[in-house]
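The values are calculated or read from the model by the stated rules, or taken from the named source; none is laboratory data. Just so we're clear, the structure is a prediction, and the values are computed from it rather than from any experiment. Here Cβ is always computed from backbone atoms with ideal geometry, including for glycine, and neighbour counts include all displayed protein chains.
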Amino acid sequence: MWNRSKKEDDLPQKPAPAAPPGAEYGREAIPMSAYPTRPADFAQTRSGAAIGKSVVITGHILGKEDLLIDGRLEGDVDLPEHRLTVGSTGHVQGSVRAREIVVHGTIHGNMEASERVEIKKNARVIGDLKAQRPVIEDEAYFKGNVETIRVDTPKPAARPAAPAPQADAQPPLLPSEPKPEIRRG
Amino acid sequence: MTSRTSPPGPKPSLPTPPPEGARRSHALEAISAHFSSHESLHVLDLGGINQANLDFVTGFGHRLYAEDLVRSFDGFFSPGEISSGQFTEGRITSFLDQTFDFPDQSCDAAFVWDALQFLPSTLAQAVLDRLHRVLAPDSLLLACFHPDSSTPDTLAACPHSCRILDTRHLLLVPRPARRPIQPFNTRAIERFFHGFQSVKFFLTRENLQEVIARR
């Protein structure tokens, strides 16, 4: 254990094979890893692609992972199911569509997010904004139209209609129900 | 713009006391009533966007156009133009075209707040004339004017970030930099809004003149 090589440390941790049902009762000890495990939200916190400070791109970007722009982009961005972050040195000249958009830098163009747009302090945005939840911090500069996307919560399905009573059927009288009594005198 | 019978309204009543520093605004009440009774308005906020105003306007289901008029002025004109106060007609027109890029009579309400007072008088009048052009008939404009005082100390002041807390209350937060302010008295304000159908004044405790002008 103490003489384990460095290479062994670098190997990716394989998940333990799933034990058959009931097998755990036959074991004396459950093997456990002493190494730190990946956080549960690893996939969410992990950054996707990135465009560095010195990179200039002209063209349309279409992606299926999160994107961080710290450089300059002249063209549209389309990340329908992911997050776009424009860093403080980032500059986008074009329209942007993503699930979430976070702006620390500059965008000249329209933005549309199916969920959230955050325009951070000192960010500069000129263009129209359409999102479910627009959040604009103080000292951010924004010029344009803001429109919120309203999400209607689905209504519960209507109960199936009770079968219509047959015309000739007599409504059953409950045993405890008192019969109407008419007294004449 | 269409009328509606039962307005949703973001915060129609105020069950809890307003936060510290909030002040009652009768002009805001008037414009809120206009928001409640109409649908799908196009509202301009020229005091620089803030989350409170964004939530308030979009809470009614209206569309908000945001612009920081004072900051836009600083960015468009050169320091030389600003210090000399000389603005050519062509430059003013191109500033207005850039700032108010809307068809005539396409907007239904405008929050101007105190921005007009922090523009040179020729430009302030040009901005107001352009607003008159882009606002639809019967739409409302809310502006406010700091008290007129002829002492030199008060010829500079801080523009305010005006945050709408609910249908009745505003929070005025001074912005960092002081800048020259144009004095306006009641008579000057009346002359200023001469093109509008009607002008209502509300004097606040702080001597701030709130104005609701109907196009």
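At a glance:
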| item | result |
| --- | --- |
| Selection status of A:Glu137, among the acidic types (Asp, Glu) and either crowded, with 18+ Cβ neighbours inside 10 Å or within 14 Å of chain B (Cβ to nearest Cβ) (or both) | yes |
| Residue within segment B:143-155 that is among the hydrophobic types (A, V, I, L, M, F, W, C), surrounded by 22 or more Cβ atoms within 10 Å (Cβ to Cβ) and more than 28 Å from B:Thr58 (Cα to Cα) present | no |
| Meets criteria (among the β-branched types (Val, Ile, Thr) and either loosely packed, with under 13 Cβ neighbours inside 10 Å or closer than 22 Å to B:Phe95 by Cα (or both)) for B:Val199 | no |
| Single residue of segment A:106-129 satisfying the filter (within 10 Å of another protein chain (Cβ to nearest Cβ) and closer than 20 Å to A:His82 by Cβ) that is farthest from the chain's Cα centre (by Cα) | A:Val125 |
| Set B:Gln98, B:Gln86: member being more than 9 Å from chain A (Cβ to nearest Cβ) and touching a helix residue (DSSP H, G or I) at 6+ places or on another chain (Cβ under 8 Å) | B:Gln98 |
| Residues of segment A:118-132 satisfying the condition of being in a strand (DSSP E or B) and either within 21 Å of B:Gly47 (Cα to Cα) or in contact with a Phe, Trp or Tyr (Cβ under 7 Å, 6 or more places away or on another chain) (or both) | A:Glu118, A:Ile119, A:Arg124, A:Val125, A:Ile126, A:Leu129, A:Lys130 |
| Counted residues, segment B:100-124 - those being within 16 Å of B:His194 (Cα to Cα) and either without any contact (Cβ under 8 Å) to a residue 12 or more places away in the chain or not in a helix (DSSP H, G or I) (or both) | 0 |
| Flag for B:Ala109 being within 26 Å of B:Asn185 (Cα to Cα) and either crowded, with 21+ Cβ neighbours inside 10 Å or among the charged types (D, E, K, R) (or both) | yes |
| Whichever residue in segment B:130-146 is part of a helix (DSSP H, G or I) and charged (D, E, K, R) and, among such residues, is farthest from the chain's Cα centre (by Cα) | B:Arg133 |
| Filter pass, B:Val127 being part of a strand (DSSP E or B), closer than 20 Å to A:Gly144 by Cβ and at pLDDT 90 or above | no |
| Total residues in segment B:81-91, condition part of a loop (DSSP other than H, G, I, E, B) and loosely packed, with under 11 Cβ neighbours inside 10 Å | 1 |
| Inter-residue pairs, beta-carbon under 9 Å, first part of a loop (DSSP other than H, G, I, E, B) and in segment B:196-208, second modelled with pLDDT of 85 or more and among the polar types (S, T, N, Q), 6+ apart | B:Thr204/B:Ser25 |
